[in-house]
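Notes for the one structure printed next.
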Amino acid sequence: MPETGRTLAPPPADRAADTDRAADADLALLTLRLGDDALILGQRLCQWITRAPTIEEDLALSNIALDLVGHARALLARSGQLDGTGRSEDDLAFGRTDRAFRNALLTELPNGDFAVTVARQLAFTHYAVLLQQALADGTDRELAAFGARAAKETAFHRRHADLWTERLGLGTEESTRRMRAALEQVWPYTAELFDEDDLTDRLVAAGVLPPLAALRTAWQASVAAVLDRAGLTVPTPTWQGRGGRQGLHTEAFGPLIAEMQSVRRQFPGGTW
Amino acid sequence: MSRTTSRTTEGAPASWEVFLRPRRGLAHQHVGSVRAGDPDTALSYARDLYTRRGEPLSLWVVRSDAVHAASPDEHDPFFAHARHKPYRYPEQFAPLTGDSDAEGSDDDA
């Protein structure tokens, strides 16, 4: 399990090195979570390719997926360096089993109809832009650089989600009905994005992450504004889906990574 | 209020012509077209389709039905005259300071 990091005992009487190592381990877990979010959502969006409503939308979704995979590469590569195992981004993406993935459940939800994909994109992109902007102001220089770069791309993904939310919300009776149903289906999984645990507490204290409660407040205002423009209301779910951050995934997750990892399993070590 | 404006955009998506200004010193160039229900979406699609490489300065979309074009049937009246009017080309003009040694200076009025 990458969670525990190296089991070798650290050299004695080197407090500063211990602290660095602990900070590295925390950053390794954070980049693993964020990298898995991007990787799994990118893989999900790829499933729209050749199935989107128009060829323009096909390209729009695959462009977003490509950006997300780019984010995943940067984050997972860093995670592999920091956790001391020296695993590459490919090792992490294609060499782990389902329980070792740390993505939030939201990102693995099946695409559903187009409205479900739009609702999932709406929730995720608003969260991701706010988080990446906060990372850009954070204390870890590499994550700050990543956040500044990624926030620009994610802002365009958010624009795409906003446009479709409005269009479906204000479109026909059928599109409004589907968009409402999609929001109800997706919203229970949004809480996990802002869950606090020991890891996030340490990272917030270190100034790497923003306080998650404040992030959530900003996110709520941000999505509420779009839903309001779209004539929709923010759902108030009676339950919350969580577990992805601990490696406990939904039923739909196994087939997703089985497909993603199939080539690597058939041709281990293959290059082309 | 935005409800009514958006409702008018439902239905078959329109065609939009895409114009891209690749860099400073160049004018916008027509690069292709996209289909979309409204201008914002057309702009998004145009960005995805035509600007993935490079970092252009500006992007326009214009509804295709807003373009008024010369008809191919009228090609000759519109375009054919230039070829047979050599005096329209600069090499036909005599230098102002020169004398009778310049060629083609005879029939320029």
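The values are calculated or read from the model by the stated rules, or taken from the named source; none is laboratory data. Note that the structure is a prediction, hence the values are computed from the model and not measured. Positions of Cβ are generated from backbone atoms using ideal geometry, with glycine treated the same way; all protein chains shown enter the neighbour counts.
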Which residue is nearest to the chain's Cα centre (by Cα), if the candidates are limited to the range A:88-129 and must be of a type in the set (F, W, Y) and in a helix (DSSP H, G or I)?
A:F124
Of (1) more than 18 Å from A:E153 (Cα to Cα); (2) at pLDDT 95 or above; (3) of a type in the set (D, E, K, R); (4) buried (at least 21 other Cβ atoms within 10 Å of the Cβ), A:D83 satisfies all except one. Which?
(2)
Those residues of the range A:167-188 that are in a helix (DSSP H, G or I) and either β-branched (V, I, T) or surrounded by fewer than 23 Cβ atoms within 10 Å (Cβ to Cβ) (or both) come to a total of 15
Given (1) in contact with a Pro (Cβ under 8 Å, 6 or more places away or on another chain); (2) in a helix (DSSP H, G or I), A:T85 misses just (2)
Within the range A:82-105, is even one residue closer than 30 Å to B:G37 by Cα and among the hydroxyl-bearing types (S, T, Y)?
no
Restricting to the range A:219-245, what's the tally of residues that are assigned to a helix (DSSP H, G or I) and surrounded by 17 or more Cβ atoms within 10 Å (Cβ to Cβ)?
7
Is one or more of the residues making up the range A:141-153 within 14 Å of another protein chain (Cβ to nearest Cβ) and crowded, with 17+ Cβ neighbours inside 10 Å?
yes
Please go through the range A:31-60 and pick out each residue that is more than 16 Å from the chain's Cα centre (by Cα) and in a helix (DSSP H, G or I).
A:I55, A:E56, A:E57, A:D58, A:L59, A:A60
Looking only at the range B:18-49, how many residues end up being within 8 Å of chain A (Cβ to nearest Cβ) and buried (at least 18 other Cβ atoms within 10 Å of the Cβ)?
10
